[in-house]
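Below is one structure, written out as structure tokens, with a few remarks after it.
Where a number appears in this text, it was derived from the coordinates with a stated rule and is not lab data. Please read these numbers as outputs of a predicted model, since none were measured by experiment.
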């Protein structure tokens with residue numbers, strides 16, 4: 001590369017001054033403008049092509065992302081619907097169970113009241129039984145004493161009657 005630049009300098013320096021002047025006069029200012037515009041047009045076309053390629057890749061990225069996001073959104077909406085259905089089912093189940101619990105609590109309250117009433121009745125009946133048992137016990141004792149007294153009297157009376 002260095003050799004090439006040295007060679008180029010040597011060639012440029014060896015051109016006679018008149019040739020350079022004649023080359024300069026052969027190119028008109030309009031021709032320079034046209035050349036400049038042509039190079040600018042080429043550069044713009046190249047940049048436009050580069051922009052189109054970059055835009056196409058960005059558009060493809062956006063399209064892919066849009067499709068992916070739509071699919072993701074649809075899945076999320078479906079999942080939300082499923083979860084709402086599960087929540088609604090759980091809520092209705094909770095309501096049903098709450099009603100059952102209330103019914104069972106009412107049954108428990110009734111049964112507790114029945115148990116207390118039965119206990120009270122049993123205590124009253126036990127007191128009546130104890131009282132009646134004591135009375136019967138005392139009556140039996142009295143009858144047994146009466147029988148033994150009568151047996152003693154009748155044994156004494158039969159001995160008197162025999163005499």
* **Kirkwood hydrodynamic radius of the stretch 64-163, Cα pairs, Å** => 22.3
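Suppose the chain between residue 31 and residue 141 were pulled fully straight at 0.36 nm per residue; how much longer would it get relative to their current alpha carbon spacing?
On the way: separation 110, 0.36 × 110 = 39.60 nm, distance 15.69 nm.
Here the answer is 23.9 nm.
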